[in-house]
Amino acid sequence: MIFANLGRIQYRTHRLEKALDSYNYAVNLAPLTVPILMDRASLLFEMGNSDKAYVDCCTILDVDKNNTKAVFLRAYLECNKHEYKEAQADYNHLLELEPQSVSGRLGLAILYQQQEKFKDALELLNKLIVELPGDAELYVIRAGVEKDIRELDIALIDLDKAIGLSPESSNAYLLRGEILLAQKRKGMAKQDFEKAIELGVSRADLIEQLKECK
């Protein structure tokens, strides 16, 4: 527990490598202690080591199959690896445990979007927005689905709403810029891309889009 607590302090103070060393010591001494494994899995995920985070989640779920944090993180990791069948099973299990879980329903909606099950994705997102009308990110995610099904004007309405709720949402400006560019509204698209850069998006990541705005 000393190593685990030290790891938590180091994690909170952003000393990630030292935190990982502390968690590793703790796990070596208590290899099936779920809270320590969950802390390490979260840290590994933040550090970009998804494969090891996935292994920790599987170990946790071997010990405690109903650990909602581990189920959610594993489902997210599976979704990123395009292991859609496994991700669907984990999201379904999570929603059996917590039917009103916002994270679980949102994760499932994103999974449906990746599988091109757009109707199912929109159904979940519509319900979430009714429950949480002030959550700007939900409008951004729904706009992404609307973009995929070529409902561009409706997507722009959602993005305007998102920006009204959260003017610092770089994702909203970025997506709105992409849609405006697709509609050949280059001047407005460039303004949104520049705003996204101002809010933290790398200019290097938008070089091609900015060229198309000329």
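Rule-based calculations on the coordinates, nothing more; no lab input. Because the structure is predicted, anything quoted here is derived from the model rather than measured. Don't worry about glycine lacking a Cβ; one is built from the backbone with ideal geometry, like all the others, and counts go over all protein chains shown.
Ranked by the mean number of other Cβ atoms within 10 Å per residue, highest first, peptides 155-162, 95-102 order as 155-162, 95-102.
How far apart, in nanometres, would the label points at Thr13 and Glu83 be if each is projected 7 angstrom from Cα along the Cα-to-Cβ direction? Roughly 3.6 nm, to one decimal. What is the helix-to-structure angle for 152-165, meaning the angle in degrees between its Cα long axis and the longest Cα principal axis of the chain, kept from 0 to 90 and rounded to the nearest 10? Approximately 60 degrees, to the nearest ten. Volume of the convex hull of the chain (Cα atoms only), normalised per residue: 137 Å³.
Between Val55 and Leu152, the simple label model (points 7 Å from Cα in the Cβ direction) yields a spacing of 4.7 nm.
Excluding same-chain neighbours fewer than eight residues apart, the lysines reachable from Lys119 by a Cα-Cα span under 17 Å are Lys127, Lys147. Counting neighbouring Cβ atoms within 10 Å and putting the fewest first, the residues Glu151, Glu123 line up as Glu123, Glu151. Peptides 12-18, 116-122, 86-92 ordered by packing proxy, namely the average of other Cβ atoms within 10 Å per residue, highest first: 86-92, 116-122, 12-18. In units of the rule-of-thumb radius 2.2 N^0.38 Å, region 142-193 shows an alpha carbon radius of gyration of 1.00. Across region 1-64, Cα-Cα distances exceeding 20 Å account for 16% of all pairs.
Between helix 84-97 and the chain there is an angle of about 70 degrees, using the helix long axis and the longest principal axis of the Cα atoms. In whole Å, how far is the Cα centre of region 178-210 from that of region 31-92? So the separation of the two Cα centres works out to 35 Å.
Relative to the longest principal axis of the Cα atoms of the chain, the long axis of helix 136-148 lies at roughly 60 degrees.
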